[in-house]
Amino acid sequence: MRRVTVIGVLSLALLCAGLAEVVVPAAATSDGRARVADAAHHAERARKALVKRRWDRAVREGEIAVADAPADGEHRRLLGVVYLRAGRFASAARAFEDALTLRHDDHAAALDLALTQVALGQWDRARATLAAHAGGIAAPDRGLALALAGDLPGALQVLMPAARLPEADAKTRQNLAFTLALAGQWPQARALAAFDLPADAVDRRLATWAALAQPRAASDQVAALLSITPASDPGLPVALALVAPAPVATPIAVAAPPPPAFVSQIIPPAAPPLVSRPVPPAALVPSARPAVAPRPRTLTPGGYYLQLGAYENAAVARDGWRGALRRWPVLGRLRPTGIAADRSSSLYRLSVGGVARGDAIQLCRGYRARGGHCFVRLAAGDRPAPWRAGSRLAAK
């Protein structure tokens, strides 16, 4: 029996788009080159396991590939696809987020992430992901993903013009028909479905859509359309967590003052031999002035945030913010933000940012260097923390 074609080409994109050509980073040493080669080998084995629907084997090979080449965004996206096909949605979302951190313009990873967020019930985040990559995702895929994320008007605005184009294909028309069905416009959905299906298949297709229109769990629609069986998910292995690559440039300017501090402490011990001649110490005073930290460079506004932690509520998150400031006062340059609890999570997610991707990565790198924990992600409805004023006073 044929699969539901409403998402046929989209599911193939999850498996194939960009996976045929693996761009591996240059390695500076023979050991590094060997690890890159090993990573490519295991990535290829993961792809073959995907085609054969051997999910456990694909997961194992995909994790080895990422462990051997952790800074390769393509391997991380492949791992996300592997987790998604294995029904491990939380791990898949983390892998796709890491892939986008490494390669912001990976629109295929963004589409995968949005579908995974839908499966997790994170509809607001899915819509934010799709909005951030609207220009890079094909209209049939983006429209269907918007429909699954609950934005039916937005989905129709994308799919209707696409379906009217002379080059519109069956996938575009069927995705529009499915969206019309979700919107309760069944006569229109039936008429459009009949355009590409034989008469005896239309009723079966509509029955399938009727069942999908009333999901019992957040993952039901994505799981059914991609033929995925949800599975227990232990989460992304700690060893595979994305860490900042070796810095090419120096960290943020404000983090550099420690060395000059030692110079200013060395000057006073030299004063005793000069007690009988008090003039020279006065001449040394200006030499200590260069120890003043350079002006912090301006951060570029953007759509990226550092997530600093998840807390029971906003009040508890305030204590977390104070702790973050004690660990690295530089964060006080930005307003604390967060995502309030919703249907997808009972936790308050503390964040800071609203900056360009490069600045967010540098900030997260600096915070981690001081023992903090964070990861970089796209905006997902972050709003100013309700205790912003008090936190700024604490930062002083």
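Observations, loosely collected:
- Residue match in segment 314-328 (condition: at pLDDT 90 or above and aliphatic (A, V, I, L, M)): yes
- Enumeration of residues in segment 186-219 that are surrounded by 14 or more Cβ atoms within 10 Å (Cβ to Cβ), part of a loop (DSSP other than H, G, I, E, B) and aliphatic (A, V, I, L, M): Ala194, Leu197, Ala213, Ala218
- Pro166 meets all of the listed conditions (1) buried (at least 24 other Cβ atoms within 10 Å of the Cβ); (2) modelled with pLDDT under 95 but one, namely (1).
- Boolean, Arg88 is within 29 Å of Trp55 (Cβ to Cβ), without any contact (Cβ under 8 Å) to a residue 40 or more places away in the chain, not assigned by TED's automatic domain parsing to the domain that holds Val376 and not aromatic (Phe, Trp, Tyr): no
A quick yes/no check of all residues on (1) under 19 Å from Asp220 (Cβ atoms); (2) hydrophobic (A, V, I, L, M, F, W, C):
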position	(1), (2)
Asp141	no, no
Ala145	yes, yes
Ala149	yes, yes
Leu156	no, yes
Pro161	no, no
Asn175	yes, no
Thr179	yes, no
Pro187	no, no
Ala193	no, yes
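- Residue in segment 106-123 that is surrounded by fewer than 21 Cβ atoms within 10 Å (Cβ to Cβ), within 14 Å of the chain's Cα centre (by Cα) and not in a loop (DSSP other than H, G, I, E, B) present: no
- The residues of segment 73-104 that are surrounded by 24 or more Cβ atoms within 10 Å (Cβ to Cβ) and assigned to a loop (DSSP other than H, G, I, E, B) amount to a single one, Arg88.
The values are calculated or read from the model by the stated rules, or taken from the named source; none is laboratory data. Model, not experiment: these values are computed from the prediction. Positions of Cβ are backbone-derived with ideal geometry, glycine not excepted, and every protein chain shown enters the neighbour counts.
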